[in-house]
Amino acid sequence: MTAVETLLEVKHLKKYYPIHGGVFGRKIGEVKAVDDVSFTVRKGETLGIVGESGCGKSTTGRSILRLEEPTAGSIRFADEELTNLSGENMRRMRREIQMVFQDPFASLNPRRTAGAAIIEPLEVHGLGNRQERRDKMKELLSVVGLDSYHGERYPHQFSGGQRQRIGIARALAVQPKLIVADEPVSALDVSIQSQVLNLMEDLQDQFNLTYVFIAHDLSVVRHISDRVGVMYLGGMVELADRDELYDHPLHPYTQALLSAVPVPDPTANRERIILSGDVPSPADPPQGCTFHTRCPHVMDVCREVRPSFNNYGGNHFAACHLLEK
Ligand code: SF4
């Protein structure tokens, strides 16, 4: 059996945002967007991170690239501690780790062509001369299933699926090892979603890529992931191999999420678990297990003690007191 190589190791990651208030604008609290999250990503795999809006999954992804500066914790990528890197070294490292966003053009100049958007990271990292960058741009357009004339077009001239293909080409331009994709297909029609997911799978094989794939849609995450982590209110509550997680969820929150996913077999007898209440505010998260205000199995201990994230066999991790008995 070949050893599995870890490409990324995130340990005890925290990202807190201060809340300021009062006449003097003093710090009066914190929003705990990510609160003690740990996971590894193996070389060549896709780790899906799933959860409802506001659970901290996007902040986790952005923290890996230090687009959000972590409050605490360690992020090791290919044996390098990213949280210690200076600005210049971190910029160099961003050649190895790229991000694909929900709307790749949202942060780009609408008056620049798609070709210019793909060339830009090559310029930033000083790769190739002018002609080589243009050739690379055309090659990348072809790799993502577009034609070279698309390079002359402007963002508003593309469909959503085409825009995301350009976003992927832009990420690939600098030959990264890891791509963090944050809701990359959420804005697309279902038929287009699978085309983009299939493209990402093909590119993963072609370029030996590793993905962290962040989404709120459990079916999308299932499609592409090798392993899946489930987040709730800033914490990771469960992490397992894809089929293990979908077939044998251990955590009550994962069980509730999965019970709401439609199944293809209409005769399958599956009871939907309806959670009571709303997700609490990350500015004032519940003590103990953060899920205790909504959990159908809540016990006294859950209100006091935060459950630890344990391995319950076969690298199936979960954080729940029910499992500790
Ligand atoms: Fe529910 Fe308690 Fe488990 Fe939290 S620790 S998920 S409240 S049973």
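Quick check on this structure: which one of Val180, Val185 is crowded, with 20+ Cβ neighbours inside 10 Å and part of a loop (DSSP other than H, G, I, E, B)? Can you show your working first?
On the way: Val180 fails: part of a loop (DSSP other than H, G, I, E, B).
Within the list Val180, Val185, the selection yields Val185.
If only one of Glu152, Glu132, Glu120 is touching a Ser or Thr at 6+ places or on another chain (Cβ under 6 Å) and either open to solvent by 10 Å² or more (accessible area, probe 1.4 Å) or on the phi < 0 side of the Ramachandran plot (or both), which one is it?
Working: Glu132 fails: touching a Ser or Thr at 6+ places or on another chain (Cβ under 6 Å); Glu120 fails: touching a Ser or Thr at 6+ places or on another chain (Cβ under 6 Å).
Checking each option against the conditions leaves just Glu152.
Report, by residue number, each residue of segment 311-325 that is closer than 20 Å to Tyr246 by Cβ, open to solvent by 30 Å² or more (accessible area, probe 1.4 Å) and more than 8 Å from the ligand (Cβ to nearest atom).
To start, the set of residues in segment 311-325 that are closer than 20 Å to Tyr246 by Cβ comprises 311-320, 322-323.
Right, trim to open to solvent by 30 Å² or more (accessible area, probe 1.4 Å) and you get 311-315, 317, 322-323.
Within segment 311-325, Asn311, Tyr312, Gly313, Gly314, Asn315, Phe317 meet the criteria.
Looking for whichever is modelled with pLDDT under 95 and under 22 Å from Arg62 (Cα atoms) here; the options are Ser259, Ser281, Ser225, Ser276. Which one fits? Show your work before the answer.
Working: Ser259 fails: under 22 Å from Arg62 (Cα atoms); Ser225 fails: modelled with pLDDT under 95; Ser276 fails: under 22 Å from Arg62 (Cα atoms).
Among Ser259, Ser281, Ser225, Ser276, only Ser281 is modelled with pLDDT under 95 and under 22 Å from Arg62 (Cα atoms).
Please specify each residue of segment 288-305 satisfying the condition of being more than 6 Å from the ligand (Cβ to nearest atom) and without any contact (Cβ under 8 Å) to a residue 12 or more places away in the chain.
First, the residues of segment 288-305 that are more than 6 Å from the ligand (Cβ to nearest atom): 288, 290, 293-294, 296, 300-301, 303-305.
Hit for segment 288-305 is Asp300, nothing else.
Which of the residues belonging to segment 79-103 are of a type in the set (A, V, I, L, M) and surrounded by fewer than 16 Cβ atoms within 10 Å (Cβ to Cβ)? Steps first, answer last, please.
To start, the set of residues in segment 79-103 that are of a type in the set (A, V, I, L, M) comprises 82, 85, 90, 93, 97, 99-100.
Scanning segment 79-103 gives a single hit, Met90.
Among (1) hydrophobic (A, V, I, L, M, F, W, C); (2) under 16 Å from Lys177 (Cβ atoms); (3) free of Cβ contacts under 8 Å to residues at least 12 places away in the same chain, there is one condition Ile28 misses while meeting the rest; what is its number?
The number of the failed condition is (2).
Which helices (runs of 4 or more DSSP H) sit wholly inside segment 208-301 and have at least 1 residues that are out of contact with any strand residue (DSSP E or B) (no Cβ under 6 Å at 6 or more places or on another chain) and open to solvent by less than 20 Å² (accessible area, probe 1.4 Å)? Please lay out each step first, then the result.
Details: elements: 218-224, 242-247, 252-259.
Helices (runs of 4 or more DSSP H) meeting the threshold: 218-224, 252-259.
The values are calculated or read from the model by the stated rules, or taken from the named source; none is laboratory data. Bear in mind that the values here come from a model prediction, so they are computed numbers and not experimental data. Cβ sites come from the backbone with ideal geometry, for glycine too, and all protein chains shown count toward neighbours. Heads up: the accessible areas ignore ligands, DNA and RNA and are worked out on the full protein's heavy atoms, side chains in. Shrake-Rupley method; radii C 1.70, N 1.55, O 1.52, S 1.80 Å.
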